[in-house]
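> Encoded as structure tokens, here's the structure I'll be asking about.
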Amino acid sequence: MKRSVEAVDKHALWKWLILIALTAWSLVLVTPLHEKVKLGLDLRGGTSFVLEVDTSELSADAAKDAQARALEVIRNRVDAMGVSEPIIYPEPRSNRIIVQIPGLKAADRDRAVKNLKRAAFLEFRMVHPRNDKLIDQLFEKGLAPPGYKIVTLDEQAMDGRWVRRNYYKKDETRIPEGLSEADLRKRLHMFHAPAGYELLLKEEHKQGQSLYVPYYVSRRRELTGEHLRDAGIDYQRLGQPIVTLKFDAKGARKFARVTSDYAPGGAKNPSPQGRRYLAIVLDGTLYSAPFIKTPIHGGEAIIEGDFSLKEAQDLAIVLRAGALPAPVHLVEERGVDPSLGRDSIESGKIAAIYGAVAVLLFMLIYYRLAGFIADLALALDLLLLPLGMMVAAGFLGLFTGGAKLGGGQISLPTLTLPGIAGLVLTAGMAVDANVLIFERIREELRTGKRLLSAISGGYDKAFRTIFDANITTLLTAVILFWQGSGPVRGFAVTLSAGIIVSMYTALVATRLFFNVLVTRFGLSRLSMLTMIRNANFDFLGKRLLAGALSLLIIIGTWTVFVMKGNANLGVDFTGGKALTFVFSEKVPVDDLRATLKAAGIDEVQIQYLREMAAVEGGHAKEYLEVKVGFEEGDRARKILLEKFGAKGFRVVKEDSVGPQVGRELQRKGVTAIIAALIGIVIYLSIRFEFGFAMGAIVALAHDVLITVGVYCLMGRQLSLPIVAALLTIVGYSVNDTIVVFDRIRENLRLMRGKSYTETANSSINQTLSRTLLTSLTTLLSVTMLLVFGGGAIHDFALTLFIGIVVGTYSSIYVATPVAMLWHSGEKTTA
């Protein structure tokens, strides 16, 4: 015994120094707090866009660096918009680019999308020399392209005379049924166009209407924006904004040649009275078609149009940033209003505090002095978590081709709403290892050992169980990071960091505390409460009844699930747009549906959501959620805001997922769960045996099926964060199961001559207190999330709550009975 104490004292100093150094390092990482801890868009507000570069029309060589070139152009555009701290990075192994703009309000969203998607391909093309006559013939014959009608207005000319002028105006009733937007645009360009020309429309605002002036424009480019040096803003008479263009030397020479050739008396316009117009076309849209009066040698031009100041500024921004190498498509968008972000921070903070306090008090009351040590360990967990998160982010980045969170270098990851959920969950799960150790110490003390020997034996016997249980949970976190994205990856990082840090504090720090109390202060006994004394329940005798109950629940809930079909899936998996509104006056769902239906939006899901909001004094806060198709999202938002703006309608959150991304997320969700199950089978087969691995897998499948079934039965929809919660349940449930399996493995050596069923039943009873205690502490944290978390955390916490209850049940009534099938009728070796 003396040798053991000396050995502890010999290494204790180094362990204390390492603990102090790690704690100091971790604190440095978050000091000062407001500068070092970066909040995700779901907490600070803002919008995240996923843009896909369409390389289908590019050559193989041009497609190779299209993403990199597009990234640079998009970065220049975002910087020119004056955005603070944008995050822009390429998605590995794809043609996608992630753009995160913090603080972006819903009102500025359309402007940002337009600037990001705009190809900025500038062209100067000649208008047909007989354009005026050709257009007059169209109007005389009453000819209008599909989707347009002719409108005639009385206008005052510059000389004061009143004249009648014809325009085209959009008319959706004249669009042929089933005609796509691309086909409609193609028909417009070909509409009675002479060979080598296409019909383009220049938009003008007249008498409160959006009208269009038609021009037949040559398909041949005289000049492009390739040599554009600068673009700016100026004003015409009456304060109308225009966009000014400046070319470099080569561009200036080309522009001078074109204007010289087509000016009256020029090489291609020899008549002194000849009027030729130069069409200025940007991204296929005709902005202006000025008359070329004289040759222009200064390399400067202007783009006129019916611009607002902001529109002119945006046009100048995209022209200065340069043209995109290929079209980009918006395939995913997630936005949160800053006000909702502030609410999320408050509710998340309160949930975290209440969860931690509940766990701390429970441990202190139940385990007394040992509980106080566990509480110190939990406090250390929170102090060391920043360092753990940095290490976890770097480690997990290896599984995504080196991609880090936010696309930067290894550093403290961005804190997101799921990340806060991970912090609260860590508080509940962190005490799991301490409970295992304390229960082992209790068993060692019952054999008559002295306290120091009981502590040593307790830690030694608990180590293998803690290691196996946490490795499997870490495995699910790695898979979650590998297949997840955005905030879900933030949760995976927090969960991984919590596992790593809690293992260290439970196995190293708490033992240091115990050794000091025993060797320095003479502690000789530990007093703890007992939940169940001498448990001796015949759990396995009820396995058939339990199995029947499980089957009944699975069949019942999944029958409803299948009947509901896609109604079980959120926009993450089906594609579409989910809009969340706040309001001052509630509008009946039927009125909302009728408004959208009148606008041609038939497929729509509308529901009011209530949640506890501590920021409002505990009163229930209500939101309106509207889900429509991906292409109809912007129109639905505009219609509802225009119709019900007087009732205080305001968009505070929007999630938009394209059909392709929705299918990818479905595939990734299924892949993640299957990969986790396969990984657990392999690990448990190596560490235990195949029969135990199959018992764990059946239990995990049971847990996922019941959790999903019950969750959807409650009217909730599956989303990417819910897949994250399911994987967390997988890790947590197998953690519970491993504790029982480890005790069975131990008892197979100690309980010679007994049947496997008797041995397994005894093992379940011996670990029953630990099973109930860890479930209780984790449920305390999850309950705080459920009550005070709000928003997306509420659904996440509800999934965890169901899963933890079901997982506790399955580790007793499902995993062990299935594992015992491999040893039916056998007895342990005498």
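> Scanning region 567-605 for residues that are of a type in the set (Gly, Ala, Ser) and closer than 15 Å to residue 633 by Cβ, which turns out surrounded by the most Cβ atoms within 10 Å (Cβ to Cβ)? So that I can check it myself, show each step before the final result.
Initial filter on region 567-605 (of a type in the set (Gly, Ala, Ser)): 567, 570, 575-576, 578, 584, 594, 598-600.
Okay, now just the ones that are also closer than 15 Å to residue 633 by Cβ, so 570, 575-576, 578, 599-600.
Values: 570: 23, 575: 22, 576: 25, 578: 21, 599: 15, 600: 10.
Restricting to residues being of a type in the set (Gly, Ala, Ser) and closer than 15 Å to residue 633 by Cβ, the top hit is 576.
> Taking only pairs six or more apart or across chains, which ones have beta-carbon atoms under 6 Å, a first residue in region 638-653 that is on the phi < 0 side of the Ramachandran plot, and a second residue that is of a type in the set (S, T, N, Q)?
Final answer for the pair search is 643/595; 652/580; 653/580.
> Can you tell which of 755, 763 is touching a Lys or Arg at 6+ places or on another chain (Cβ under 6 Å) and modelled with pLDDT under 90? Full working, then the answer.
Numbers: 763 fails: modelled with pLDDT under 90.
Selected residue: 755, the only one of 755, 763 that is touching a Lys or Arg at 6+ places or on another chain (Cβ under 6 Å) and modelled with pLDDT under 90.
> Here is a follow-up. If you take the residues of region 535-566 that are in a helix (DSSP H, G or I), farther than 18 Å from residue 810 by Cα and of a type in the set (S, T, N, Q), which of them is least open to solvent (accessible area, probe 1.4 Å)?
My answer is 559.
> Further question on the same structure: If I ask for residues that are part of a strand (DSSP E or B) and either aromatic (Phe, Trp, Tyr) or more than 51 Å from the chain's Cα centre (by Cα) (or both), which ones from region 248-297 would you list?
Start the filter on region 248-297 by keeping residues that are part of a strand (DSSP E or B), which leaves 266, 269, 277-282, 285-288, 291.
Hits for region 248-297 are 266, 269, 277, 287, 291.
> In addition: For region 671-707, name all the residues that are under 18 Å from residue 554 (Cβ atoms) and free of Cβ contacts under 8 Å to residues at least 24 places away in the same chain.
The answer is 697, and nothing else.
> Among 669, 600, 617, which is the only one that is within 18 Å of residue 570 (Cα to Cα) and at pLDDT below 85? Working first, answer last.
Working: 600 fails: within 18 Å of residue 570 (Cα to Cα); 617 fails: within 18 Å of residue 570 (Cα to Cα).
So the residue among 669, 600, 617 that is within 18 Å of residue 570 (Cα to Cα) and at pLDDT below 85 is 669.
> While we're on this one: Restricting the search to region 552-582, which residues are under 20 Å from residue 701 (Cα atoms) and out of contact with any strand residue (DSSP E or B) (no Cβ under 7 Å at 6 or more places or on another chain)? Give the steps one after another, and end with the answer.
We begin by selecting, within region 552-582, every residue under 20 Å from residue 701 (Cα atoms); these are 552-562, 568-569.
Correct list: 552, 553, 554, 555, 556, 557, 558, 559, 560, 561, 562.
> Look through 475, 445, 452, 507 and report the one residue that is of a type outside the set (D, E, K, R), at pLDDT 85 or above, within 20 Å of residue 681 (Cβ to Cβ) and open to solvent by 10 Å² or more (accessible area, probe 1.4 Å).
475
> Could you grab me the full set of residues in region 277-301 that are among the β-branched types (Val, Ile, Thr) and surrounded by fewer than 13 Cβ atoms within 10 Å (Cβ to Cβ)?
Looking only at region 277-301, we keep the residues that are among the β-branched types (Val, Ile, Thr), and these are 280-281, 285, 292, 294, 296.
Within region 277-301, 294 is the sole residue that qualifies.
> Among the listed residues 743, 716, which satisfies the condition of being farther than 17 Å from residue 810 by Cα and either of a type in the set (S, T, N, Q) or at pLDDT 85 or above (or both)? Talk me through it step by step, then tell me what you get.
On the way: 743 fails: farther than 17 Å from residue 810 by Cα.
When all the criteria are applied, what remains is 716.
> Against the conditions (1) among the β-branched types (Val, Ile, Thr); (2) surrounded by fewer than 24 Cβ atoms within 10 Å (Cβ to Cβ); (3) closer than 27 Å to residue 560 by Cα, where does residue 771 fall short? Just the number, please.
For residue 771, the exception is condition (3).
> Just checking, how many residues over region 784-808 are free of Cβ contacts under 8 Å to residues at least 40 places away in the same chain and over 18 Å from residue 721 (Cβ atoms)? If you could, list the steps in order and put the result at the bottom.
Taking region 784-808 first, the residues free of Cβ contacts under 8 Å to residues at least 40 places away in the same chain are 786, 801, 805.
Imposing the further condition that a residue be over 18 Å from residue 721 (Cβ atoms) reduces the set to 805.
Going through region 784-808 one residue at a time, the tally reaches 1.
> Does residue 7 count as open to solvent by less than 60 Å² (accessible area, probe 1.4 Å), at pLDDT below 75 and out of contact with any helix residue (DSSP H, G or I) (no Cβ under 9 Å at 6 or more places or on another chain)? Walk me through it before giving the result.
Working: open to solvent by less than 60 Å² (accessible area, probe 1.4 Å): yes; at pLDDT below 75: yes; out of contact with any helix residue (DSSP H, G or I) (no Cβ under 9 Å at 6 or more places or on another chain): yes.
It is true that residue 7 is open to solvent by less than 60 Å² (accessible area, probe 1.4 Å), at pLDDT below 75 and out of contact with any helix residue (DSSP H, G or I) (no Cβ under 9 Å at 6 or more places or on another chain).
> Considering only residues of region 106-155 that are of a type in the set (D, E, K, R) and open to solvent by less than 50 Å² (accessible area, probe 1.4 Å), which is farthest from residue 224 (Cα to Cα)? Give the steps one after another, and end with the answer.
Here is the first cut: in region 106-155, the ones of a type in the set (D, E, K, R) are 108-111, 114, 117-118, 123, 125, 130, 132-133, 136, 140-141, 149, 154-155.
Still in the list and also open to solvent by less than 50 Å² (accessible area, probe 1.4 Å): 109, 118, 123, 125, 155.
Numbers: 109: 29, 118: 16, 123: 4, 125: 9, 155: 35 Å.
In this case the residue turns out to be 155.
> Mind checking which pairs have a first residue in region 735-755 that is open to solvent by 20 Å² or more (accessible area, probe 1.4 Å) and a second that is aliphatic (A, V, I, L, M) and in a loop (DSSP other than H, G, I, E, B), Cβ under 7 Å, 6 or more apart or different chains?
Between residues of region 735-755 that are open to solvent by 20 Å² or more (accessible area, probe 1.4 Å) and residues that are aliphatic (A, V, I, L, M) and in a loop (DSSP other than H, G, I, E, B), the close pairs are 752/830; 753/830.
> Just need a number here: residues in region 318-353 that are modelled with pLDDT of 80 or more, part of a helix (DSSP H, G or I) and farther than 25 Å from residue 719 by Cβ.
The qualifying residues number 1.
> For residues that are open to solvent by 40 Å² or more (accessible area, probe 1.4 Å) and in contact with an Asp or Glu (Cβ under 7 Å, 6 or more places away or on another chain), scanning just region 349-391, find the one that is farthest from residue 491 (Cα to Cα).
Among those that are open to solvent by 40 Å² or more (accessible area, probe 1.4 Å) and in contact with an Asp or Glu (Cβ under 7 Å, 6 or more places away or on another chain), it is 364.
> What number of residues within region 156-167 satisfy the criterion of being open to solvent by less than 40 Å² (accessible area, probe 1.4 Å) and more than 15 Å from residue 201 (Cα to Cα)? Before you say what the answer is, go through the steps one by one.
Taking region 156-167 first, the residues open to solvent by less than 40 Å² (accessible area, probe 1.4 Å) are 157, 160, 163, 167.
Still in the running and more than 15 Å from residue 201 (Cα to Cα): 157, 160, 163.
Total satisfying the criteria: 3.
> Then there is this: Answer with yes or no whether residue 495 is touching a residue at least 60 places away in the same chain (Cβ under 8 Å) and either surrounded by fewer than 24 Cβ atoms within 10 Å (Cβ to Cβ) or not in a helix (DSSP H, G or I) (or both). Walk me through how you get there before you give the answer.
Numbers: touching a residue at least 60 places away in the same chain (Cβ under 8 Å): yes; either surrounded by fewer than 24 Cβ atoms within 10 Å (Cβ to Cβ) or not in a helix (DSSP H, G or I) (or both): no.
No, not satisfied.
> Which count do you get for residues in region 42-63 that are open to solvent by 30 Å² or more (accessible area, probe 1.4 Å) and in contact with a Leu (Cβ under 9 Å, 6 or more places away or on another chain)?
Count: 1.
> Quick one: in region 44-66, which of the residues that are at pLDDT below 80 and acidic (Asp, Glu) is farthest from residue 332 (Cα to Cα)?
61
> Please determine whether any residue of region 688-709 is acidic (Asp, Glu), farther than 16 Å from residue 810 by Cβ and open to solvent by 50 Å² or more (accessible area, probe 1.4 Å). Step through it out loud before you land on a result.
Taking region 688-709 and keeping what is acidic (Asp, Glu), we get 689, 703.
Now restrict to residues that are farther than 16 Å from residue 810 by Cβ: 689.
Checking the rest, the ones that are also open to solvent by 50 Å² or more (accessible area, probe 1.4 Å) come to 689.
Yes, there is a match, as at least one residue in region 688-709 is acidic (Asp, Glu), farther than 16 Å from residue 810 by Cβ and open to solvent by 50 Å² or more (accessible area, probe 1.4 Å).
> Go over the candidates 406, 401, 394, 428 one by one and state the one that is at pLDDT below 80, surrounded by fewer than 19 Cβ atoms within 10 Å (Cβ to Cβ) and not basic (Lys, Arg). Give the derivation first.
Values: 406 fails: surrounded by fewer than 19 Cβ atoms within 10 Å (Cβ to Cβ); 394 fails: at pLDDT below 80; 428 fails: surrounded by fewer than 19 Cβ atoms within 10 Å (Cβ to Cβ).
It is 401.
> Got a number for residues in region 73-98 being in contact (Cβ under 8 Å) with a residue 40 or more places away in the chain, among the charged types (D, E, K, R) and either part of a helix (DSSP H, G or I) or open to solvent by less than 40 Å² (accessible area, probe 1.4 Å) (or both)?
The number of residues fulfilling the criteria is 2.
The values are calculated or read from the model by the stated rules, or taken from the named source; none is laboratory data. Source: prediction; values computed, not measured. As a convention, Cβ positions derive from the backbone with ideal geometry for all residues, glycine included, and neighbour counts pool all protein chains shown. Calculation scope for accessible area: heavy atoms of the full protein, side chains included, ligands and nucleic acids excluded. Shrake-Rupley method; radii C 1.70, N 1.55, O 1.52, S 1.80 Å.
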